[in-house]
Ligand SMILES: Cc1cc2nc3c(=O)[nH]c(=O)nc-3n(C[C@H](O)[C@H](O)[C@H](O)COP(=O)(O)OP(=O)(O)OC[C@H]3O[C@@H](n4cnc5c(N)ncnc54)[C@H](O)[C@@H]3O)c2cc1C
């Protein structure tokens, strides 16, 4: 067996979270081994956020062009998928090649190892024949993979995950989408705008079931206007594939399509990480972490793996905390680098800590040893990039009521706002505010509209900083912006 090689930190999985941690610790002067079995950067740049948003950009251009007929004369649009597929291949993913990303990491001083990393006892990680002993810690950032529900016949069929949907070069004539969450709706709308006959099948009684019911209604209406068939409250119980097309069978009904895209959820594969060798239960759905991302002493986790929210911005936010905490831990560890090395690393640490400190709560961060920021998800923003966009932060009305909060709700329709009325074609949307009447602050908000995700930023600040309602009411909102509707919603709070 190979002798373990002593390094400062080992990072397993270089998705957005792991890559950020590994790169920043390497830049701070630590010896960092980053292990990735597939592509450095993970899901977001190759099969997630980036290519899907390129697809959405193209699909929205088609929709805007079609709106010319209502606003500015006549326009004919001939959708063509070829430039979209080319852009994803060439600009977004380098044909799914991570050479640039690997060089980005090694350029920061990191050491890259391609392979599957696995814990191998306290402080040790094995990858193939190599074993690394981490002096200061191990960071797990292995993310999640698509998971399919246990529907009879599904596992044996050639269904698509987000990977095939993103890599598609030629569009099918028809597409069944199993799952009406954010990813399902975004992709459904894109494909529909390029002429695919799309059917969304959702088990819950509404799409975007985790968001406000009003958001579900607007999103469903928008997709229907694009020609998407939406079937909610339908629990698929069998899938069949005859070599040419798929049929999804549910009680009393069935749906057929050339392709089937399954976007019903994702799963962390904890059993692959060797957690048992360090006494951590691998049978959980996600890997629980504390507010400094500790799994246990010397082990941190970051990103989707932690189950705190499957967003790139969560992974990056957590990465900032991990970097600060690892450096803090190193500073406190006896037998660390010599004084001069420590001093230069500490300089980096202070910079890192203060860089992320502004976005943390609970004591924030001063760069003083021991003052590592704690994670705070109260103002976690979520954006579904459908057209209109659905932006949300904090609690929904139902969640707030379930917590026994003295809730006030303020709602305003965007179409009747000055900007909505001016905008006309494609102006569907609303602002809904959830306030804690006792505290006099917003604890949740939803912003749906042509720029719903951008308008959300003001509401995120309000929730994050607990800005008093009296202050929000006495702000000046630029006329005629979409965000000015926030003022109307504040006025409607009751
Ligand atoms: C279609 C789609 C659209 C999305 N759009 C958005 C969006 O608009 N905005 C947003 O914020 N989020 C979006 N997301 C979510 C976002 O992609 C994830 O939240 C993000 O990628 C999580 O990063 P991560 O580092 O936790 O994990 P991942 O990106 O999953 O990376 C984990 C990495 O670890 C590697 N790995 C796993 N196990 C091992 C091992 N044992 N050894 C070595 N390597 C290993 C994997 O190969 C992978 O590269 C989208 C996701 C999808 C699927």
Of (1) out of contact with any strand residue (DSSP E or B) (no Cβ under 6 Å at 6 or more places or on another chain); (2) near the ligand (Cβ under 8 Å from one of its atoms), residue 12 satisfies all except one. Which?
(1)
Any pair with Cβ under 7 angstrom, 6 or more apart, that starts in the range 33-52 at a residue that is at positive phi and ends at one that is assigned to a loop (DSSP other than H, G, I, E, B)
41/98; 42/14; 42/143
Taking residue 180 as the residue in question, decide whether it is crowded, with 19+ Cβ neighbours inside 10 Å, under 24 Å from the mean Cα position of the chain (by Cα) and part of a loop (DSSP other than H, G, I, E, B).
yes
Does the range 41-52 contain any residue that is within 30 Å of residue 327 (Cα to Cα), over 20 Å from the mean Cα position of the chain (by Cα) and more than 6 Å from the ligand (Cβ to nearest atom)?
no
Are any of the residues in the range 95-111 surrounded by 13 or more Cβ atoms within 10 Å (Cβ to Cβ) and in a strand (DSSP E or B)?
yes
Looking at residue 372, is it modelled with pLDDT of 50 or more, at negative phi and in the same structural domain as residue 281 (by TED's automatic domain parsing)?
no
Among (1) within 6 Å of the ligand (Cβ to nearest atom); (2) surrounded by fewer than 19 Cβ atoms within 10 Å (Cβ to Cβ), which single condition is residue 73 missing?
(1)
Out of (1) assigned to a loop (DSSP other than H, G, I, E, B); (2) surrounded by fewer than 15 Cβ atoms within 10 Å (Cβ to Cβ), the one residue 422 does not meet is (1)
State whether the residues of the range 110-117 include one that is away from the ligand (no atom under 12 Å from the Cβ) and farther than 30 Å from residue 255 by Cβ.
yes
Given 179, 184, 143, which one is more than 30 Å from residue 9 (Cβ to Cβ) and in contact with a strand residue (DSSP E or B) (Cβ under 6 Å, 6 or more places away or on another chain)?
184
Within the range 183-215, count every residue that is assigned to a helix (DSSP H, G or I) and closer than 27 Å to residue 79 by Cα.
11
How many of the residues making up the range 125-143 are within 15 Å of the ligand (Cβ to nearest atom) and either surrounded by 19 or more Cβ atoms within 10 Å (Cβ to Cβ) or free of Cβ contacts under 8 Å to residues at least 60 places away in the same chain (or both)?
12
Among the numbered criteria (1) buried (at least 16 other Cβ atoms within 10 Å of the Cβ); (2) not in a helix (DSSP H, G or I), which one does residue 305 miss?
(2)
Residues to consider are 165, 192, 101; find the one that is within 11 Å of the ligand (Cβ to nearest atom), touching a helix residue (DSSP H, G or I) at 6+ places or on another chain (Cβ under 8 Å) and over 25 Å from residue 293 (Cβ atoms).
165
Outside the structural domain of residue 173 (by TED's automatic domain parsing), more than 16 Å from the ligand (Cβ to nearest atom) and free of Cβ contacts under 8 Å to residues at least 12 places away in the same chain: which single residue out of 90, 64 fits that description?
90
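The values are calculated or read from the model by the stated rules, or taken from the named source; none is laboratory data. Since we're looking at a predicted model, the values are computed, not measured. Neighbour counts run over all protein chains shown; Cβ positions are idealised from the backbone, glycine included.
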